[in-house]
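These notes are about the structure you will find just below.
The values are calculated or read from the model by the stated rules, or taken from the named source; none is laboratory data. Everything numeric in this text was worked out from a predicted model, so none of it was measured. Here the Cβ positions follow ideal geometry from the backbone for every residue, glycine too, while neighbour counts run over all protein chains shown. These area figures cover heavy atoms from the full protein model, side chains too; ligands, DNA and RNA do not enter into them. Shrake-Rupley method; radii C 1.70, N 1.55, O 1.52, S 1.80 Å.
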Amino acid sequence: MAKILTKQAVVPNIHSMVVEAPAVAAQIQPGQFVIVRADDDGERIPLSVSDWDAAAGTITLIFMEVGGTTGKLAALKAGDDLATVVGPLGIPTEIGDFGTVMCIGGCYGIGSIYPIARALKARGNKVITVMESRSSFLLYWEDRFKKVSDTLIVITRDGTKGYRGHVSRAPEIMKTLGRPVHRIIVNGCTYLLKRASDMSRPYEMKTIVSLNPIMIDGTGMCGVCRVTVGKETKFACVHGPDFDGHLVDWEELLQRRKTYIVEEEIVVTASRCEDHHAAIREQRP
Amino acid sequence: MTEPQKKKLDLNRREMPKQSPEVRRFNFSEVALGYPADMAMAEASRCLQCKKPLCVNNCPVEINIPGFVKLIGEGDFPGAIRVLKEKNLLPAVCGRVCPQEEQCEKTCVLVKKGGQIAIGRLERFAADWEASQGKAAVPDIPPATGRKVAVVGGGPAGLTVAGDLILRGHAVTIFEALHKLGGVLTYGIPEFRLPKAIVGWEVEYLKTLGVELITDYVVGKTRTLADILKEYDAVFIGAGAGLPWFMNIPGENLNGVYSANEYLTRMNLMKGFLFPEYDTPIKRHRKVAVVGGGNVAMDCARTALRLGADSKIIYRRSRQELPARLEEVENAEEEGIVFEFLTLPIRYIGDERGWVRQIEYLKMQLGEPDASGRRSPVPIEGSETLMDVDAVVCAIGNSPNPMIPATTPGLQIGKKGNIVADEATGKTSMDRVWAGGDVVTGAATVILAMGAGRKAARSIHEYLSSLLLPIRFSAFRNGSISSLREAARCRMRSGGRGGRKPAIFCLTLGSARYDTIGRVHESQHIIYGHHGKTAPPKIRVITESGGCCVCRKSGFC
Ligand SMILES: Cc1cc2nc3c(=O)[nH]c(=O)nc-3n(C[C@H](O)[C@H](O)[C@H](O)COP(=O)(O)OP(=O)(O)OC[C@H]3O[C@@H](n4cnc5c(N)ncnc54)[C@H](O)[C@@H]3O)c2cc1C
Ligand SMILES: Cc1cc2nc3c(=O)[nH]c(=O)nc-3n(C[C@H](O)[C@H](O)[C@H](O)COP(=O)(O)OP(=O)(O)OC[C@H]3O[C@@H](n4cnc5c(N)ncnc54)[C@H](O)[C@@H]3O)c2cc1C
Ligand code: SF4
Ligand code: FES
């Protein structure tokens, strides 16, 4: 059980939640994640830890409402309990003396890349943060990133802020920086991870991606999170989630993530309709 | 033989009622229904009450089998469960899943005549009788010793260690990675073979005894073992064998190819068979092939069947070599599971959307016996064949989970990734760390894990009682050596002053006062006490709770 201390929508469809989890907060490092269950009947889903306060014993989760479980999470309020918060899981993102590092974050990955940027900066690297979103109204935490980035770049699909388009524009952005980039780290949806890896491949720039396959236990027990990296099968929850984006079998990952697409829809439609009908019934005199 | 031959031999082994195959293949309720009381008593009365019972020799935890069987025969069910629980913390579980045909029932004197006592069914009967009474009898717990033990993993091994040590007065905390205790009993073995309510009941019993249960805690990640050792006097690792094997053949990462662990975890731990009432999704497949021949494979195949699939077992040897319990093989056959023997998958073929559609396999023939004594399968050349499927469950085995080895420098690890531990005591290469169960042996059985837990608990208890316990009362707590001596001196009644010389102290613990002989040990900041009156050679201790840790009486012994 973990108590929710605060919960708010940071932008439409993306929520932040501060949760009491002292054991996790004491150990967590950038790039690690927790497994969460919203309630006792709930599914176990992985969420990256986007910030923490070891002294207060709290962690911050940023999540995008995409289906059943994230929907349940979005419906919870401060004071409610999460049935499970277990972690920190996965291997932390490597924080070395790289020189110049480009941190690319999209949707929930904007949140989860923040502690990575912060740690890289503290280590003495030059940090270039790239935030990607569909539109300017979906950007968040810009003020936080300003403090930990040497350069903050925004790309929006519709061009309402910063560069127009998506991460494939990074090369031309890099040219304007006037300094070489030594490493790229990407967090966010699978398409962003793939596109960023495709973008950097011709330049042979080391690109680390935080993969997000389906998970259950997060401890290496079930094998559902297996991904192929450089022809080898890896369990993302214990060998990752960070991998070299140029070696990942993206086709397979994208397919495997769709395993339950039919069932996921059942959850959303079933629960929504039921709730809706229950609400209507209650309103009747 | 020593058995008395007074009464006429009754060789009629009573069959336990079961759900019929036609009915049970459509539900997840337990297959076996258990003996009614009269049947249990009749079965128990057949026991010859051997003076040298051979059944007990073959029981990994040495249950007093004739003892509890006799009490069932006499209708003294509370007595029977008491005898069982002296040796076995989880009788309701063992009565259901132990391979009795390989253990106690195999060596029962009546086995030669084909009428061995149904020991497992009787064990199950007694445990179920107790559960039906609503409340388990709680034994007396001795006063706290002040020692703390951490148990990593809430499977049968860990639960046994916890149960044994709490009954000796030590404080026990179980750290479990998942959100529920029970290990494989909870996430692996299906509801129709071992109802989760029963596991829950057994875990609840431990809680009643005072074991602290901490779920959602991954040792090695949430906290390292080294850190835990700072807070606890001893640690037991019962982390199980949870790393699933795959065959490393093409197509294994296609959608629809599962490890047995994933398939069973979705079903059992996450209650996937109740989806969408429970959130974790499962697929309703039509043609499922389960690769493997052990209990795990049987469980997967029978689960798939209950979800409406045509369910097949693909095994590379023949029926004779199946490692699963015979009873489960028979159950599976009765339910209509199809067995493809002498078959070895070599490739999974997918469709354009990445879903498995076919298995390519080789036919095998049996060659020479291998190291395990079973005849090893040899592929027949050119026998490649295709089989249509829409799901494959890979149930070919597990090895110990590498999480703790990887995060615990100094812990000796064997070739198979297992933690190396002494067979008799469970001691590992690390000071104050014990291990047992599947994490040491590789995937084995519930009762062997419990047996290993029992041995380790004994060794841990010996270690804890050999320790010279510091007297922990408030004046001394966190005290430096000088303040400790101060406090000791002012309470000293006679004998040497401080230092290493023995002295008689009057100790005040709370409102009680105790006389003891002891000494202040400079380097360890400890006062040792021992039995005052008889002054035995061994130096012993008085603990915070006010008991001598040898005889558990307070004050003078
Ligand atoms: C290491 C890791 C870190 C992640 N961090 C974050 C984060 O910080 N914030 C965030 O919003 N999301 C994060 N995700 C993704 C998040 O886990 C999924 O969005 C979530 O599980 C969706 O669950 P749902 O029931 O709401 O949606 P569903 O409708 O069930 O699923 C939507 C999609 O999410 C994926 N998904 C479903 N179940 C799981 C599961 N058990 N595990 C992983 N993916 C699943 C599937 O591809 C599916 O198509 C992370 C994933 C991983 C592996
Ligand atoms: C499907 C299936 C069917 C079986 N059928 C039978 C049968 O019929 N009869 C029989 O006798 N045996 C059977 N077995 C085998 C039996 O279940 C195991 O041998 C037994 O459970 C081993 O007990 P254990 O305590 O060593 O480990 P487990 O039961 O595996 O428990 C280990 C526990 O430790 C936890 N853990 C692991 N790592 C950590 C960590 N780092 N921190 C905290 N916790 C951790 C795990 O989550 C788990 O709960 C079966 C096994 C399976 C999988
Ligand atoms: S169970 Fe069999 S071996 Fe054991 S005491 Fe009874 S008759 Fe003898
Ligand atoms: S989530 Fe189960 S092995 Fe990775």
Next on the checklist: With an 8 Å Cα cut-off and a minimum separation of 6 or more residues, compute the relative contact order for the stretch A:100-210 in percent.
Outcome noted: 29
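What is the extension gain from residue B:8 to residue B:62, computed as 0.36 nm multiplied by their sequence separation minus the C-alpha to C-alpha distance, in nm to one decimal? Write out the running numbers ahead of the final one.
On the way: separation 54, 0.36 × 54 = 19.44 nm, distance 2.77 nm.
Extra length available between residue B:8 and residue B:62 comes to 16.7 nm.
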Checklist entry - Residues of the stretch B:21-132: accessible area per residue at 1.4 Å, in Å²? => result 40
Checklist outcome for this item: Taking the square root of 5λ for each eigenvalue of the C-alpha gyration tensor of the stretch B:310-404, the equivalent ellipsoid has semi-axes, largest first and in whole angstrom, of 23, 19, 17
Next on the checklist: Taking a ≥ b ≥ c as the square roots of the Cα gyration tensor eigenvalues, with a/c under 1.5 meaning rounded and otherwise prolate when a/b beats b/c, else oblate, which class fits the stretch B:246-396?
Outcome noted: oblate
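Applying 1/(1 + (r/R0)^6) with R0 = 60 Å to the Cβ-Cβ distance of residue A:157 and residue B:385, what FRET efficiency is obtained, to the nearest 0.05? Can you show the working numbers first?
On the way: r = 50 Å, r/R0 = 0.84.
Plugging the Cβ-Cβ distance into 1/(1 + (r/R0)^6) gives 0.75.
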Item to check | Spacing of the two label points (7 Å from each Cα toward its C-beta) at residue B:45 and residue B:197, in nm | outcome: 3.0
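Using 0.36 nm per residue of separation minus the Cα-Cα distance, give me the extension gain between residue B:326 and residue B:141 in nm, one decimal. Intermediate values should be presented prior to the final figure.
Values: separation 185, 0.36 × 185 = 66.60 nm, distance 4.01 nm.
Separation in residues times 0.36 nm, less the Cα-Cα distance, equals 62.6 nm.
One quarter of the convex hull surface, Cα atoms only: what value does that give for chain A in nm²?
Details: hull surface 63.9 nm².
If you wrap the Cα atoms of chain A in a convex hull and average its projections, you get 16.0 nm².
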Item to check | Selection from A:92, A:22, A:73 lying farthest towards where the dipole of the stretch A:1-131 points positive, charges on Cβ | outcome: A:92
Checklist entry - Is any helix in chain A, taking whole DSSP H runs, at least 18 angstrom long along its axis by alpha carbon and on average at least -1.0 on the Kyte-Doolittle scale, and which ones? => result A:108-122, A:261-283
Checklist entry - Averaged per residue, what accessible surface does the stretch A:2-89 expose to a 1.4 Å probe, in Å²? => result 33
Checklist entry - When averaged across all projection directions, what area in nm² does the alpha-carbon convex hull of the stretch B:330-455 cover? => result 12.2
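Rounded to the nearest 20 debye, what is the charge dipole size of the stretch B:246-396 about its Cα centre when +1 sits on each Lys and Arg Cβ and -1 on each Asp and Glu Cβ?
Numbers: 19 positive and 23 negative charges, 28 e Å.
Using only the charged Cβ atoms, the result is roughly 140 debye.
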Next on the checklist: Suppose we take every Cα in the stretch B:180-326 and form the convex hull; what volume per residue is that in Å³?
Outcome noted: 166
Item to check | Other protein chain Cβ atoms within 10 Å, averaged over every residue that makes up B:252-259 | outcome: 5
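Counting other Cβ atoms within 10 Å, keep those with at most 15, restrict to DSSP loop, and tell me which trypsin sites (Lys or Arg not before Pro) in the stretch B:200-305 are left.
Working: sites: B:207, B:221, B:223, B:230, B:266, B:271, B:283, B:284, B:286, B:287, B:302; in loops: B:221, B:271, B:283, B:284, B:286.
Answer by residue number: B:284, B:286.
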Checklist entry - Under the definition of partner shielding as Cβ atoms of other protein chains within 10 Å of a residue Cβ, what is the mean value for peptide B:270-279? => result 5
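Please give the peptides B:38-49, A:184-195 ranked by average Cβ packing (other Cβ atoms within 10 Å per residue), highest first, as a rough proxy for protection. Walk me through the intermediate numbers first.
Numbers: B:38-49: 19.4, A:184-195: 22.8.
Ranked from most to least packed, the peptides come out as A:184-195, B:38-49.
Partner chain Cβ atoms within 10 Å, averaged over the residues of A:43-52 - can you pull that number for me? Don't skip to the end; give the middle numbers.
Details: counts 8, 7, 2, 0, 0, 0, 0, 0, 0, 0.
Per-residue shielding by partner chains comes out at 2.
Please label the shape of the stretch B:241-328 as rounded, prolate or oblate, based on the square roots a ≥ b ≥ c of the eigenvalues of the alpha-carbon gyration tensor (a/c under 1.5 means rounded; beyond that, a/b larger than b/c means prolate, else oblate).
Numbers: a/c = 1.69, a/b = 1.40, b/c = 1.21.
Since a/c reaches 1.5 and a/b is larger than b/c, the shape of the stretch B:241-328 is classed as prolate.
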Checklist entry - Which Cα, out of A:254, B:349, A:228, lies furthest along the positive dipole direction of the protein assembly as shown (beta carbon charges, K/R +1, D/E -1)? => result A:228
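So how much slack lies between residue B:102 and residue B:415, counting 0.36 nm per residue of separation and subtracting their Cα-Cα distance, in nm? Don't jump to the answer; show the numbers that get you there.
Details: separation 313, 0.36 × 313 = 112.68 nm, distance 2.77 nm.
Taking 0.36 nm per residue and subtracting the Cα distance, the gain is 109.9 nm.
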Checklist entry - Which Rg and Dmax, in Å, describe the Cα atoms of the stretch A:2-89? => result 11.6, 33
Checklist entry - Which value in nm describes the separation of the simple spin-label points at residue A:191 and residue A:262, placed 7 Å from the Cα toward the beta carbon? => result 2.4
Next on the checklist: Buried by at least 30 Å² relative to the chain on its own: which residues of the stretch A:199-231 qualify, computing accessible area with a 1.4 Å probe on protein heavy atoms?
Outcome noted: A:216, A:219, A:221, A:222, A:226
Checklist entry - Can you pull the accessible area of residue B:101 for me, 1.4 Å probe, Å² to the nearest 10? => result 60
Checklist entry - What ³J(HN,Hα) values, in whole Hz, does the Karplus curve 6.51 cos²θ - 1.76 cosθ + 1.60 give for the stretch B:144-150 when θ = phi - 60°, with x put for Gly and Pro? => result 4, 8, x, 9, 10, 10, 9
Next on the checklist: Cβ neighbours within 10 Å, averaged per peptide: list A:24-36, A:4-16 in order, most packed at the top.
Outcome noted: A:24-36, A:4-16
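Got a sec? What order do B:164, A:39, B:422 fall in by accessible area at 1.4 Å, biggest, i.e. largest, first?
Numbers: B:164 25, A:39 55, B:422 75 Å².
Accessible-area ranking of B:164, A:39, B:422, largest first: B:422, A:39, B:164.
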Item to check | Inter-label distance for residue B:274 and residue B:365, nm, one decimal - labels placed 7 Å from Cα along Cα-to-Cβ | outcome: 5.2
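Could you work out the Kirkwood radius for the stretch A:100-210, taking every pair of different alpha carbons, averaging 1/r and inverting it, reported in Å? Show your work: numbers first, answer last.
Values: mean 1/r = 0.0741 Å⁻¹.
Radius from the Kirkwood sum: 13.5 Å.
Looking at chain A, what % of its DSSP beta bridges pair antiparallel, to the nearest 5? Display every interim value, and only then the final one.
Values: 35 of 58 bridges.
Taking every DSSP beta bridge with both residues in chain A, the antiparallel ones total about 60 percent.
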Checklist entry - Can you list the residues, at least 5 places off or on another chain, whose amide H is less than 5 Å from the amide H of residue B:234, using H built in the peptide plane? => result B:148, B:150
Item to check | Formal net charge of residues neighbouring residue A:102 (Cβ-Cβ distance under 10 Å; K, R +1; D, E -1) | outcome: +2
Checklist outcome for this item: Per the charge dipole of the protein assembly as shown (beta-carbon charges, Lys/Arg positive, Asp/Glu negative, Cα centre), the residue among B:55, B:117, B:329 reaching farthest to the positive end is B:55
Next on the checklist: Tell me the net charge near residue B:194. Cut-off is 11 Å between Cβ atoms, residue B:194 excluded, with +1 for each Lys or Arg and -1 for each Asp or Glu.
Outcome noted: 0
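Given charges of +1 on the Cβ of Lys and Arg and -1 on the Cβ of Asp and Glu, with all other atoms neutral, how large is the dipole of the stretch B:137-219 about its Cα centre, in debye to the nearest 20? Before the final figure, lay out each step's value.
Values: 7 positive and 8 negative charges, 22 e Å.
Roughly 100 debye for the stretch B:137-219.
With the contact rule set at Cα under 8 Å and sequence spacing of 6 or more, what percent relative contact order holds for chain A? Don't skip to the answer; put the middle values down first.
Numbers: 617 pairs, mean separation 44.3, N = 285.
About 16 percent, as a whole number.
Students sometimes get this wrong: rank A:246, B:285 by accessible area, probe 1.4 Å, all chains present, largest first.
Working: A:246 50, B:285 20 Å².
Ranked list, largest accessible area first: A:246, B:285.
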Item to check | Karplus-derived 3J(HN,Hα), 6.51/-1.76/1.60, for each residue of the stretch B:443-451, Hz, glycine and proline x | outcome: 3, 9, 10, 4, 6, 5, 4, 5, x
Checklist entry - Quick one: with all protein chains in place, what share of the accessible area of the protein assembly as shown is carbon or sulfur, to the nearest percent (1.4 Å probe)? => result 53
Checklist entry - Using protein heavy atoms only (no ligands, DNA or RNA), what is the total accessible area buried between A and B, 1.4 Å probe, nearest 100 Å²? => result 3400
Checklist entry - Mind listing P(r) for the stretch B:21-132? All alpha-carbon pairs, 10 Å bins, whole percents. => result 15, 48, 28, 8, 0
Next on the checklist: So if I place +1 on the C-beta of Lys and Arg and -1 on the C-beta of Asp and Glu, and nothing else carries charge, what would the dipole magnitude of the protein assembly as shown be about its Cα centre? I want it in debye, nearest 20.
Outcome noted: 2840
Next on the checklist: Can you tally the net charge around residue A:186? Count Lys and Arg as +1, Asp and Glu as -1, for every other residue whose Cβ sits under 15 Å from the Cβ of residue A:186.
Outcome noted: +1
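Taking all protein chains together and a probe of 1.4 Å, list A:172, A:43, A:204, B:262 from the most accessible to the least accessible. Present the calculation step by step, with values, prior to reporting the outcome.
On the way: A:172 85, A:43 45, A:204 160, B:262 5 Å².
Solvent-accessible surface, decreasing: A:204, A:172, A:43, B:262.
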Item to check | Per-residue ³J(HN,Hα) for the stretch B:165-177, Karplus 6.51 cos²θ - 1.76 cosθ + 1.60, θ = phi - 60°, Hz, x for Gly and Pro | outcome: 7, 5, 6, 10, x, 8, 7, 10, 10, 9, 9, 10, 5
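I'm a student and want to see the number: the projected area of the Cα convex hull of the protein assembly as shown, averaged over all directions, in nm². Spell out each step's value before the answer.
Working: hull surface 180.0 nm².
Answer in nm², one decimal: 45.0.
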